[in-house]
1. Look through S113, S78 and report the one residue that is within 28 Å of the chain's Cα centre (by Cα), loosely packed, with under 11 Cβ neighbours inside 10 Å and of a type in the set (S, T, Y).
2. Residue check, R94 against (1) in contact (Cβ under 8 Å) with a residue 12 or more places away in the chain; (2) assigned to a loop (DSSP other than H, G, I, E, B), all met but one. Which one?
3. Just to be sure I understand the filter: pairs with C-beta atoms under 6 Å, separated by 6 or more residues or on different chains, first member in the range 252-280 and in contact (Cβ under 8 Å) with a residue 60 or more places away in the chain, second member acidic (D, E). Which pairs pass?
4. Go through (1) buried (at least 18 other Cβ atoms within 10 Å of the Cβ); (2) over 22 Å from T162 (Cα atoms) for G238 and report which single condition fails.
5. What number goes with the only condition from (1) farther than 30 Å from L152 by Cβ; (2) surrounded by 14 or more Cβ atoms within 10 Å (Cβ to Cβ); (3) in contact (Cβ under 8 Å) with a residue 12 or more places away in the chain; (4) not hydroxyl-bearing (S, T, Y) that F48 does not pass?
6. Residue pairs, Cβ under 8 Å, 6 or more apart or interchain, first in the range 142-153 and part of a loop (DSSP other than H, G, I, E, B), second surrounded by 14 or more Cβ atoms within 10 Å (Cβ to Cβ) and of a type in the set (S, T, Y). List them.
7. L86 fails exactly one of the following numbered conditions: (1) assigned to a helix (DSSP H, G or I); (2) modelled with pLDDT under 90. What is the number of that condition?
Amino acid sequence: MLFEKRKPLILLLLPALALLGLLTAYPILSVIWNAFGEVDRNGQHYQFVGLANFNALFDDFFFRAAISNTVVFTVVASLAQVLLGLWLALLFNRRFPGRRFALPLLIYPMMISTMVCSAIWRAWYHYDYGLLNTVLVALGLPAQEWLFNPHLALYVIVLVDTWQWTPMAFLIILAGLQSIPKDIGEAALVDGARGWRSFIYIALPLIKKQLMLAFLLRSIDTFRLFDKVYVLTGGGPGNSTETLSMFVYKYGFRFFDLGMASASALVMLVISLLMTLFYARKAMQGGKK
C-alpha cells in the first residue's frame, strides 16, 4: 500500500538516480577497484595487488611533494580569499558613490572561464612582454621570472586563483552582513559599540556561518586545483607547483598507470571527505549554540 502511494514519486526520481549512479557512483567505485589492483594500459587485464599501490605511493617523493604543494596552496589561497572577501564585504556593506558600478566589475573575474583567466595571467607574467615586468622595469626594479622561479611559482598561481575567486567569498560574506537586522546595529550604537568594536563583538559572531561556508567552498575548490597549474606551469619548474590533481593526471594520462592514479585519486577523495565532515560538524555545533 505504501509502495503504491509512493510509486509516482519513485518513478520521478528514477532518471535522476540513474544519472547520479552513472556519473558519480560508478566512477568512484571504479577508482576504488583500480586503486587496489594493477591495470594494463588498455584496461583489459586486472590483477589484485592489495595495498601495494598505496605503499608505493607514500614512498614516492613526488607524491609527498604534491601533497605539500596542495596543502600550502589550499591554506594560503583559501585564507587570502576569505580575508580579502571579508574586507571587501565590509567596504561594500555601506553606501558610497559608484558602488553599483564597482560591484559588477568586482565580480567580473569570477564570471570568466578559468582557461581564459589563466591565459590572461600567463600573458601578464611573460618575462619580456608581460605587464607585471613592464611595470617593475618602469619603476627601476629587476624583472622577475614569475613562472620559472621554483620559490615563487606556487604563490604566483595563488595570486591568479585569488584574483578569480575572491568574489565568491565576498558575495557569501556580504550576504551574511546584509542579513544582520538593522535594529541590532542601532542597539550596539546606543550601547557605545562603534567601529571595530562593533564588528568584532556584533557582526563577526553573526556571520560566522557565512565565513565558515566561504572557507569550506574555497578550501575544497583549491584542494583539487588542476586547470591553472596545467595552463601556467604544467607542474614545474621541477615539481614546485605539482598538485595532487596534476599528479593523478600525469600517472593516469601520461604514464598510463591506472593503479597508482586511482590510489592517489582515492587519497584525494578521502581528504576531501574529511575536510567536509570537519566543517559540517563545526557548522552543526554552531547551529546548536
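1. On the way: S78 fails: loosely packed, with under 11 Cβ neighbours inside 10 Å.
Of the residues listed, the single one that is within 28 Å of the chain's Cα centre (by Cα), loosely packed, with under 11 Cβ neighbours inside 10 Å and of a type in the set (S, T, Y) is S113.
2. Result: R94 passes all but (1).
3. Between residues of the range 252-280 that are in contact (Cβ under 8 Å) with a residue 60 or more places away in the chain and residues that are acidic (D, E), the close pairs are G259/E38.
4. If we test G238 against (1) buried (at least 18 other Cβ atoms within 10 Å of the Cβ); (2) over 22 Å from T162 (Cα atoms), just (1) comes out false.
5. (2)
6. Going by the 8 Å Cβ cut-off, the qualifying pairs are W146/Y125; L147/Y125; L147/T233; P150/S240; H151/S240.
7. Tallying (1) assigned to a helix (DSSP H, G or I); (2) modelled with pLDDT under 90, L86 fails exactly one: (2).
Table: residues versus (1) touching a His at 6+ places or on another chain (Cβ under 8 Å); (2) modelled with pLDDT under 90; (3) closer than 27 Å to L204 by Cβ; (4) of a type in the set (S, T, N, Q).
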| position | (1), (2), (3), (4) |
| --- | --- |
| N42 | no, yes, no, yes |
| Q47 | no, yes, no, yes |
| A52 | no, no, no, no |
| F63 | no, no, no, no |
| A80 | no, no, yes, no |
| N93 | no, yes, yes, yes |
| P109 | no, no, yes, no |
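The values are calculated or read from the model by the stated rules, or taken from the named source; none is laboratory data. Source: prediction; values computed, not measured. Ideal geometry is used to build each Cβ from the backbone, glycine not excepted, and the neighbour counts take in all protein chains shown.
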